[in-house]
Amino acid sequence: MLRTGQQYRDSIRDGRRVWMNGERVHDVTTHPQFKPLIDIRARIYDMAHEGATRDIMSYEENGDRFSVGLKLPYTEDDWHAKRRATDAVLEDVGGIVTRVGDETAGEMWSLYDGQDILNEVDPRFSDNICAHIHKVIQNDPFHVSANTDPKGDRSKRPQDQDPDMLLRVVKETDAGIVVRGAKYETAAAYANQAFTKPTIANWGDSALSEYAVGFICDFSSPNLRFICRTGFAGRAPAEDYPLSSRFDEIEALVIYDDVLIPWENVLFYQHTKAAGFIRNTLHRYSAFAFVQRNLKLADLMIGAALWNVRQTGLEKQQAVQEKLATLACYREGINAHLTAAIANAETSPGGLLMPNQSLLMTGRVHACSQLHHMMHLARELCGGQICVTPDAAAFADPDTADWLKKFYTLNDNWGSDDRRKLLAFARDLLNSDYAGHRLTFQLFAQAPPFAHLGAVYRNFDFDDALRFTKKSAGLSDNVLG
Ligand SMILES: Cc1cc2nc3c(=O)[nH]c(=O)nc-3n(C[C@H](O)[C@H](O)[C@H](O)COP(=O)(O)OP(=O)(O)OC[C@H]3O[C@@H](n4cnc5c(N)ncnc54)[C@H](O)[C@@H]3O)c2cc1C
């Protein structure tokens, strides 16, 4: 059942308790800082129904239509379809939005792959993950990701400080478990549910822990609170900050104040082995959609830099061309990893088709670890005018308009209005508060950089390098490995 944008909006008008900037938000769908992203999420739902995009965004099975992003992947074509659908969304909305569902649903498929482990440690729960994956396909909810606790002082055990610094189970009842704690979750205040699981943790020798818990949290549950940072939209005119005003994905600290999780929503509980498994495999699928966003971000950086040097007549300079070529190498590096990850896809332990893990995880490191260099290069190419240009209001003010028209008109093709728009766009892409936020998002939102490298270490096949080096160096057969 594909939802419409209106059904999605209605679903989040459920009396949830949301705060922003010291105020209670009674209806997120109309709040000026949430509305732009909610409108985009609603648009994504509507795209699955509209003639022009319906076959890109959805597929038919037994007479019903379902979302391409939520489909379990079995073939390379499934991955090409997912890639096409994500691109269609970003093209349609004209910017980058990441945590809109396609990127997060895949986290559950990793647990689906771990059913043997779930069965081994506690067979009560493996049916639940299958049921939830199919429920997401059937009901088309907006599903997000919850991993990161406030954590507290990591030199101490959680039990030796406020024990709620990591989310934990405080009670078991016939109806389910009761959890207490908090998680940072992008988009939670306007989503329907999250796959909630432990953050990266050192479980030591403990086989069981009240902190080793994974579940689907329904955001309409009572006893949840969403305390959000202030959004970027509306802080300054949209003409001056065209990205901040439309594409800010708002994080919430979601407070779980003794929230009852019904047994059918519990995916694992107490067993640190299950928690360790999901941490190690969490982004097996979802990294694809995450990395794909970096590619579109690279396109915007290349576009902003190139339009600028075209406007200013600097494109013919060899040094400028080399910088553009460096940006192109970054972009094509991401493209190559994504393309090759599909072409060399692997069958997962659960029988799904997962992108080639070594290529995907190295692609994620390439995309995220170089992003700040690339932003700096694009910033350099755009020049200092991106941070000194007056605002749109000054271009319209009769007292100043003529001066700005004179000094911002470059030639017959480039009038002052287009020059102003490009500089405002580049500022918001590279220099603004939103730009810094987006950089931090790409750095951290899908785990921190050390965890990205950990995933490479676990997935790269070191054996062939060892074998070839052993042969080339003439090492004896006594060496191990
Ligand atoms: C914009 C944004 C959006 C986010 N959205 C979500 C979301 O939707 N859902 C969600 O669950 N989380 C989300 N996060 C949280 C994100 O996953 C965490 O910020 C990230 O996992 C790092 O955790 P931390 O911030 O607690 O930093 P810390 O754990 O305090 O780590 C800070 C740094 O300490 C070092 N460090 C810490 N531990 C180790 C270690 N074991 N080994 C080596 N070095 C270490 C690393 O340099 C690390 O980068 C988001 C974060 C941001 C910034």
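The values are calculated or read from the model by the stated rules, or taken from the named source; none is laboratory data. All values reported here derive from a predicted model rather than from experimental measurement. Neighbour counts run over all protein chains shown; Cβ positions are idealised from the backbone, glycine included. Ligands, DNA and RNA are stripped out before the accessible areas are found, and what is left, the full protein with its side chains, is counted by its heavy atoms. Shrake-Rupley method; radii C 1.70, N 1.55, O 1.52, S 1.80 Å.
Quick look at the numbers
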quantity	calculated
Test: Lys316 is assigned to a loop (DSSP other than H, G, I, E, B), more than 30 Å from Tyr211 (Cα to Cα) and not aliphatic (A, V, I, L, M)	yes
Test for Ser416: is it surrounded by 12 or more Cβ atoms within 10 Å (Cβ to Cβ) and free of Cβ contacts under 8 Å to residues at least 40 places away in the same chain	yes
Selection within region 143-173 - within 8 Å of the ligand (Cβ to nearest atom) and part of a loop (DSSP other than H, G, I, E, B)	Asn147, Asp149, Pro150, Lys151, Arg154
Where a residue in region 159-187 is more than 30 Å from Phe34 (Cα to Cα) and its partner, wherever it lies, is at pLDDT below 95 and part of a loop (DSSP other than H, G, I, E, B), with Cβ under 9 Å and at least six apart	Asp160/Asp153; Gln161/Gly152; Gln161/Asp153; Asp162/Gly152
Verdict on Asp402 being exposed (fewer than 14 other Cβ atoms within 10 Å of the Cβ) and not in a helix (DSSP H, G or I)	no
Only one of Arg235, Arg279, Arg310, Arg246 that is more than 30 Å from Thr409 (Cα to Cα) and open to solvent by 10 Å² or more (accessible area, probe 1.4 Å)	Arg279
Out of Ile227, Ile133, sole residue that is more than 16 Å from the ligand (Cβ to nearest atom), of a type in the set (Val, Ile, Thr) and surrounded by fewer than 22 Cβ atoms within 10 Å (Cβ to Cβ)	Ile133
Filter result (surrounded by 15 or more Cβ atoms within 10 Å (Cβ to Cβ), assigned to a helix (DSSP H, G or I) and in contact (Cβ under 8 Å) with a residue 60 or more places away in the chain) within region 365-385	Val365, Ala367, Cys368, Leu371, Met374, Met375, Leu377, Ala378, Leu381, Cys382
Candidates Gly204, Gly176 - the one that is of a type outside the set (S, T, N, Q), over 28 Å from the mean Cα position of the chain (by Cα), within 15 Å of the ligand (Cβ to nearest atom) and at positive phi	Gly204
Qualifying position, being under 30 Å from Ala435 (Cα atoms), within 16 Å of the ligand (Cβ to nearest atom) and not assigned by TED's automatic domain parsing to the domain that holds Ala394, among Ala238, Ala191	Ala191
